[in-house]
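Novice: Please read through the structure below; I'll follow up with questions.
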Amino acid sequence: MSLGAVPEREPITDRDWLSLRAQLKGTLVLPAEQPAVIGVGKQLAAGKPLVRPQAWVRCTDAEDLRRAWDFVLEHGLPVGLRSGGHCFADLSSSAGLLLDLELMNTWRLEGDRLICGPGCTSGQLNAELARRGRRIPTGGCPSVGLGGLALVGGFGFQGRSTGLLSDQLDAAQALDAAGQLIQVDEQEHADLFWALRGAGAGQFAVLTELNLRTSAAQAGTAVYARWTLEGAEERLQAWMAWAPTADERVNLEMQLTQGDDDEEPPCLELFGLVMAVPSAAAQLLEPMRRALGDGLRCWPLSESEAAAYCCGLLDRQGRPAWQPSRPYREHGYQFTQSDFFDVSPQAGAWTELLRSFAAERRYAEHREIEFIPWGGAYARGPDSAFVHRQARALIRYTCVVGARSSQAQREQALTWVRGVRGCLQPSANGEAYQGYADPWREDVLTAYYGRALARLREVKRRWDPDQRLRHAQSIAPV
């Protein structure tokens, strides 16, 4: 995430940059050297072009990070911290020094424990672990770095049975705001360990190594259905009544989708995983099948296929998923907001949502509303800074426009997101998922952290009273 230090001191010279470069095993890139990519680094930006850093450091290990952080402290630089480049609020960008942890991606198994760097991605690890008969619960985007995902929670198709990714974190190595490498767990620096699991990246310390519990790899049954919007209100209400309290092995999402091709009709999709063989899955799904009607397609997944499906290497219909090529040379624009719900919205709210979803459709504007079931193991996690335990569902509202979109088109996209969110917001519980960082929400820290916020401010006072780790949504110390 984007961090900050004390006000900048003397201007940094070429000699200073060359001195830092000589200390690193990784690389330091200056804007003149790779102008096409240094100001991008992400596939999607939050509403406006990304700022260009003064330099881009690609760390290969914790010592690289420590030396770069010493440089930050010496020169008073603002700094961005990035492992995968998926922050929805662009908190990982900076006009100062960009510290990229993508190359800190080594890993090893020690029994049932995964020891990995923050740059390891969901796709990389799911594939490797499946070959060894193990798994971890990650989300559905294979290029997400675990260094960020484990700090915001991290949910996915295995979550209702296994829990969040942050719930699997048993220990970590981290660089604190003073530039010291430390070990954290339930016994050593327990307050920091509590805060790291849920408070998000760039708040208290920088993870350099994660120690995660793994589970035995498991085969499953994939589920998919697609309908027009006719009958969508009844299907959404049925999903909201059933999915959050279904057997924990069942993790089925719904999504309203309207693609950027205005000739393609909008649709409602059901997709996800049942962690059971098809015969058992059929019994678990029968109540939902009766409520939704015809159209459900189910197929078996082997252990390796289930791992690929869960992390997005396979798409919702079980086909190899398209993956973007890197480095990115331009970025599109994404607008996302989210809410947690303890109760189902009233019928009138669903009607208004569906009307607003398809209203004023615009060419080259991709719209999504994702409905994510909660409950199950999410409600039983360890004591941590992740507070969203008792919700029934999480709903995400997203609109994406292209790299060449105009300012007016981007403003229209944000207006649409705010409008559809407003249809259901009166029924929301006031909380939002910190992994869907929201730059447009006013009560954002309360929405992310709720009752944990006061304690997080105490932890910030102890570990970073000078706010050397800082970004636009930082927790301020008491």
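Novice: Name the residue that is nearest to Gly41 (Cα to Cα), counting only residues in region 385-430 that are in a helix (DSSP H, G or I) and of a type in the set (Ser, Thr, Tyr).
Specialist: Restricting to residues being in a helix (DSSP H, G or I) and of a type in the set (Ser, Thr, Tyr), the top hit is Thr415.
Novice: A further question on this structure: Would it be correct to say that Glu269 is in contact with a strand residue (DSSP E or B) (Cβ under 7 Å, 6 or more places away or on another chain) and not small (Gly, Ala, Ser)?
Specialist: Taking the combined requirement at face value, the residue satisfies it.
Novice: Pairs please, first residue from region 212-225 and more than 21 Å from Gly153 (Cβ to Cβ), second anywhere and among the hydroxyl-bearing types (Ser, Thr, Tyr) and outside any loop (DSSP other than H, G, I, E, B), Cβ atoms under 7 Å, 6+ apart in sequence or on different chains.
Specialist: Going by the 7 Å Cβ cut-off, the qualifying pairs are Ala222/Tyr309.
Novice: Within region 342-384, work out how many residues are under 18 Å from Pro137 (Cβ atoms) and not in a helix (DSSP H, G or I).
Specialist: Qualifying residue count, region 342-384: 8.
Novice: Okay, moving on. Quick check: anything in region 148-155 at pLDDT 95 or above and over 11 Å from the mean Cα position of the chain (by Cα)?
Specialist: The answer is no; no qualifying residue exists.
Novice: Just a yes or no: is a residue in region 227-242 in the same structural domain as Ile115 (by the TED database) and on the phi > 0 side of the Ramachandran plot?
Specialist: Checking region 227-242: not a single residue is in the same structural domain as Ile115 (by the TED database) and on the phi > 0 side of the Ramachandran plot.
Novice: Pick from Thr208, Thr162, Thr214, Thr257: which is closer than 23 Å to Ala291 by Cβ and not charged (D, E, K, R)?
Specialist: From the options Thr208, Thr162, Thr214, Thr257, the qualifying one is Thr257.
Novice: Next question. Can you find, within region 418-447, the residue that is nearest to Gly154 (Cα to Cα) among those that are touching a Gly at 6+ places or on another chain (Cβ under 8 Å) and surrounded by 20 or more Cβ atoms within 10 Å (Cβ to Cβ)?
Specialist: Taking the candidates together, the pick is Gly435.
Novice: Okay, moving on. Pick from region 157-185 the residues that are free of Cβ contacts under 8 Å to residues at least 60 places away in the same chain and in contact with a Phe, Trp or Tyr (Cβ under 6 Å, 6 or more places away or on another chain): which of them is surrounded by the most Cβ atoms within 10 Å (Cβ to Cβ)?
Specialist: Among those residues, the one meeting the criterion is Val184.
Novice: Just to verify a result, which residue in region 373-417, among those that are touching a helix residue (DSSP H, G or I) at 6+ places or on another chain (Cβ under 9 Å) and among the β-branched types (Val, Ile, Thr), is nearest to Phe341 (Cα to Cα)?
Specialist: Ile395
Novice: If we only count strands (runs of 3 or more DSSP E) wholly inside region 235-330, which ones have 2 or more residues that are more than 27 Å from the chain's Cα centre (by Cα) and surrounded by fewer than 20 Cβ atoms within 10 Å (Cβ to Cβ)?
Specialist: 297-301
Novice: Quickly run through region 352-409 and pick out the residues that are charged (D, E, K, R) and within 23 Å of Gly430 (Cβ to Cβ).
Specialist: Answer for region 352-409, where residues must be charged (D, E, K, R) and within 23 Å of Gly430 (Cβ to Cβ): Glu352, Glu368, Glu370, Arg380, Asp383, Arg389, Arg392, Arg396.
Novice: Just name the residue that is nearest to Ile136 (Cα to Cα) out of those in region 205-234 that are of a type in the set (Ser, Thr, Tyr) and outside any loop (DSSP other than H, G, I, E, B).
Specialist: The selected residue is Ser215.
Novice: If you don't mind, there's one more thing I want to ask. Using the structure shown, decide if Ser338 is assigned to a loop (DSSP other than H, G, I, E, B), within 30 Å of Asp167 (Cα to Cα), in contact (Cβ under 8 Å) with a residue 60 or more places away in the chain and outside the structural domain of Thr162 (by the TED database).
Specialist: Spelling it out, it is not the case that Ser338 is assigned to a loop (DSSP other than H, G, I, E, B), within 30 Å of Asp167 (Cα to Cα), in contact (Cβ under 8 Å) with a residue 60 or more places away in the chain and outside the structural domain of Thr162 (by the TED database).
Novice: For Ala347, only one of the following conditions fails: (1) in contact with a Gly (Cβ under 7 Å, 6 or more places away or on another chain); (2) on the phi < 0 side of the Ramachandran plot; (3) surrounded by fewer than 17 Cβ atoms within 10 Å (Cβ to Cβ). What is its number?
Specialist: Status for Ala347: all satisfied but (1).
Novice: Would you be able to say whether some residue in region 394-411 is assigned by the TED database to the domain that holds Pro266, of a type in the set (D, E, K, R) and under 26 Å from Ala201 (Cα atoms)?
Specialist: yes
The values are calculated or read from the model by the stated rules, or taken from the named source; none is laboratory data. All values derive from a computational prediction rather than experimental measurement. Note that we place each Cβ from the backbone using ideal geometry, even for glycine, and neighbour counts take in every protein chain shown.
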